[in-house]
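Participant: Take this structure, written in structure tokens, and hold onto it; I'll ask about it next.
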Amino acid sequence: MFSTIALEIRGESNALYRTRDEVQASGPPVVDLVSGNINECGYIFPRNLLEEILVEAAHGLAVYRPDSFGQAAAREAVADFYLKSGCALPPDSILITPGTSLAYWYCFRLLADPGDEILCPRPSYPLFDYIALLAGVNLVPYRMREEENWNIDLAHLEASISTRTRAVALISPHNPTGHVASAEEITALAEIARRHDLAIISDEVFSEALLPARRSLNPEPLPRPAASDAPLVLTLNGFSKMFALPGMKFGWMAVSGDRDKVSQALRSLEIISDTFLPVSEIAQAAAPGIFQLGNAVKFELGNRIRNSWRRTEALLAPWSGRCSYVRPQGGFYVALKLHDLDEERTAEDLLRTQRLLVHPGWFYDMDPHHLVFCFVQKPEVLEECIPRLFAPAAG
Ligand SMILES: Cc1ncc(COP(=O)(O)O)c(C=O)c1O
């Protein structure tokens with residue numbers, strides 16, 4: 001009765017989550033140090049401001065007049081966001097989507113036939129496996145090298161291209177390594193993309209969570225593939241991390257590159273989006289207000305993320321004999337490399353003895369001996385939980 005895909009995605013939980021459920025059932029709650037749900041970590045878009053924006057947005061919505069690309073005002077607001085960061089992506093190159101995850105699915109369907117390949121970073125966020133499965137495309141990993149600050153192994157990436165490769169996904173800032181692709185890496189990636197006629201899917205959902213280099217006060221601006229010479233770039237982003245509004249389900253895709261490729265992509269994307277018209281009209285109508293009135297919120301959020309990292313770094317300092325890590329340049333996560341512990345056993349012990357949930361590195365296809373956690377937490381959670389990661393019983 002069921003498709004192969006349906007049987008493949010039956011959602012059986014893995015051993016760590018079964019242990020979590022068991023531990024949870026028998027006492028005080030487990031502290032989840034891996035959830036990327038920014039609201040659960042105490043970051044909330046101010047309620048009164050959101051109410052004001054939504055009430056205002058509701059005024060213009062008496063008659064439903066959908067646009068497959070998304071409401072013009074919403075697209076103009078997105079274009080303005082890029083313009084202010086020095087990147088010209090005009091409103092007619094922007095498609096509004098209900099978040100970035102579905103935008104990935106659009107990209108995969110736009111670029112690849114069943115069995116075609118998309119290059120994806122390894123390590124990587126596990127969500128892509130499911131999106132690729134649902135879209136019928138194969139993910140082929142390209143390496144990021146921990147010993148070189150998680151830089152992209154461009155030689156390995158190029159060697160992984162086959163006649164079926166259609167696109168390269170770049171995640172910058174990257175989840176979970178915190179790597180931010182440098183201007184040089186992006187130029188080299190664009191050259192590879194041009195040599196092999198590949199699109200670049202640029203996932204920038206953590207674009208506002210940039211961390212400064214050591215001894216610097218401010219982070220460097222984010223280098224973007226959209227500003228490169230790649231033949232076709234699909235830039236993905238949305239409100240979930242940028243404004244701590246994951247429930248708004250508002251994202252977008254900006255299409256740039258060679259003129260004929262951009263117009264072909266936009267023609268097809270219009271039909272893909274028109275088939276479902278999936279973005280809530282009220283979310284779209286609220287978008288200009290969120291960009292405008294939420295600017296200070298975005299700024300404050302960035303500051304809080306940077307403070308969370310500073311605190312995390314200080315709390316990890318006494319444990320340098322037990323673990324090391326590549327300092328993240330952005331994003332919400334850090335991957336600790338354990339010096340003397342088995343990652344799987346440690347994650348399980350941390351659940352049983354400390355009631356802490358962290359991920360072993362294999363969840364992200366990392367080499368063994370890593371623990372990954374989200375440092376974007378309330379200060380008291382960081383203060384209390386980071387030392388417990390190294391409690392004797394957790395060995
Ligand atoms: C790297 C990355 N891309 C995309 C997403 C999904 O974003 P959205 O909430 O816009 O669907 C996530 C979610 O955590 C993510 O970590």
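The values are calculated or read from the model by the stated rules, or taken from the named source; none is laboratory data. In this text, all values refer to a predicted model and were calculated from it rather than measured experimentally. Note: ideal-geometry Cβ built from the backbone for every residue, glycine included; neighbour counts use all protein chains shown.
Participant: Do the conditions hold for S228, that is, is it at pLDDT 95 or above, touching a Phe, Trp or Tyr at 6+ places or on another chain (Cβ under 8 Å) and more than 16 Å from the ligand (Cβ to nearest atom)?
Facilitator: Spelling it out, it is not the case that S228 is at pLDDT 95 or above, touching a Phe, Trp or Tyr at 6+ places or on another chain (Cβ under 8 Å) and more than 16 Å from the ligand (Cβ to nearest atom).
Participant: Sort through D21, D80, D113, D92 and tell me the only one that's acidic (D, E), farther than 30 Å from Q284 by Cβ and in a helix (DSSP H, G or I).
Facilitator: Of the residues listed, the single one that is acidic (D, E), farther than 30 Å from Q284 by Cβ and in a helix (DSSP H, G or I) is D21.
Participant: OK, next. Check whether at least one residue in the stretch 263-275 is assigned to a loop (DSSP other than H, G, I, E, B) and in the same structural domain as N175 (by TED's automatic domain parsing), and report yes or no.
Facilitator: Scanning the stretch 263-275, I find no residue that is assigned to a loop (DSSP other than H, G, I, E, B) and in the same structural domain as N175 (by TED's automatic domain parsing), so the answer is no.
Participant: What residue, of E147, E184, E158, E191, is modelled with pLDDT of 95 or more, crowded, with 16+ Cβ neighbours inside 10 Å and assigned to a helix (DSSP H, G or I)?
Facilitator: E158
Participant: For L301, work out the one condition from (1) among the hydrophobic types (A, V, I, L, M, F, W, C); (2) part of a helix (DSSP H, G or I); (3) away from the ligand (no atom under 16 Å from the Cβ) it doesn't fulfil.
Facilitator: Just one mismatch for L301, condition (3).
Participant: Also, quick follow-up: Any chance you could count how many residues in the stretch 120-144 are without any contact (Cβ under 8 Å) to a residue 60 or more places away in the chain and not in a loop (DSSP other than H, G, I, E, B)?
Facilitator: Count: 14.
Participant: Something else: Of the conditions (1) among the acidic types (D, E); (2) under 30 Å from S308 (Cα atoms); (3) modelled with pLDDT under 95, D32 satisfies every one except a single condition; which number is it?
Facilitator: (3)
Participant: Looking only at the stretch 79-96, decide whether some residue is over 24 Å from F299 (Cα atoms), among the aromatic types (F, W, Y) and assigned by TED's automatic domain parsing to the domain that holds G289.
Facilitator: Looking for residues that are over 24 Å from F299 (Cα atoms), among the aromatic types (F, W, Y) and assigned by TED's automatic domain parsing to the domain that holds G289, one finds none in the stretch 79-96, hence no.
Participant: Sticking with this structure for a sec: Please determine, by comparing only the residues of the stretch 263-286 that are over 13 Å from F69 (Cβ atoms) and crowded, with 19+ Cβ neighbours inside 10 Å, which one is nearest to the ligand (Cβ to nearest atom).
Facilitator: Among those residues, the one meeting the criterion is A283.
Participant: Would you mind finding the one in H370, H339, H359 that is assigned by TED's automatic domain parsing to the domain that holds F390 and more than 26 Å from the chain's Cα centre (by Cα)?
Facilitator: H339
Participant: Here is a follow-up. Show the residue pairs that are 6+ apart or on different chains and have beta-carbon atoms under 6 Å apart, the first residue being within the stretch 310-324 and not assigned by TED's automatic domain parsing to the domain that holds K378, the second being part of a helix (DSSP H, G or I).
Facilitator: Close Cβ pairs satisfying both conditions: none exist.
Participant: Residues that are more than 14 Å from the ligand (Cβ to nearest atom), at pLDDT 95 or above and within 15 Å of P91 (Cα to Cα): does the stretch 234-249 have at least one?
Facilitator: no
Participant: Taking the condition within 18 Å of E146 (Cβ to Cβ) and outside any strand (DSSP E or B), does F373 pass?
Facilitator: Criteria not met by F373.
Participant: Now for a separate question. Only residues that are over 28 Å from F299 (Cβ atoms) and free of Cβ contacts under 8 Å to residues at least 40 places away in the same chain: list them for the stretch 185-197, please.
Facilitator: Listed by number, the residues that qualify are A188, E191, I192, A193, R194, R195, H196, D197.
Participant: Okay, moving on. Could you tell me which of the residues G99, G60, G36, G70 is of a type outside the set (K, R), away from the ligand (no atom under 16 Å from the Cβ) and in contact (Cβ under 8 Å) with a residue 24 or more places away in the chain?
Facilitator: It is G60.
Participant: Look through the stretch 111-134, keep the residues that are aliphatic (A, V, I, L, M) and surrounded by fewer than 22 Cβ atoms within 10 Å (Cβ to Cβ), and return whichever of them is nearest to the ligand (Cβ to nearest atom).
Facilitator: Checked the stretch 111-134; the qualifying residue nearest to the ligand (Cβ to nearest atom) is L127.
Participant: OK, next. So which residues in the stretch 196-218 are of a type in the set (A, V, I, L, M, F, W, C), within 13 Å of the ligand (Cβ to nearest atom) and not in a loop (DSSP other than H, G, I, E, B), if there are any at all?
Facilitator: Answer for the stretch 196-218, where residues must be of a type in the set (A, V, I, L, M, F, W, C), within 13 Å of the ligand (Cβ to nearest atom) and not in a loop (DSSP other than H, G, I, E, B): just I201.
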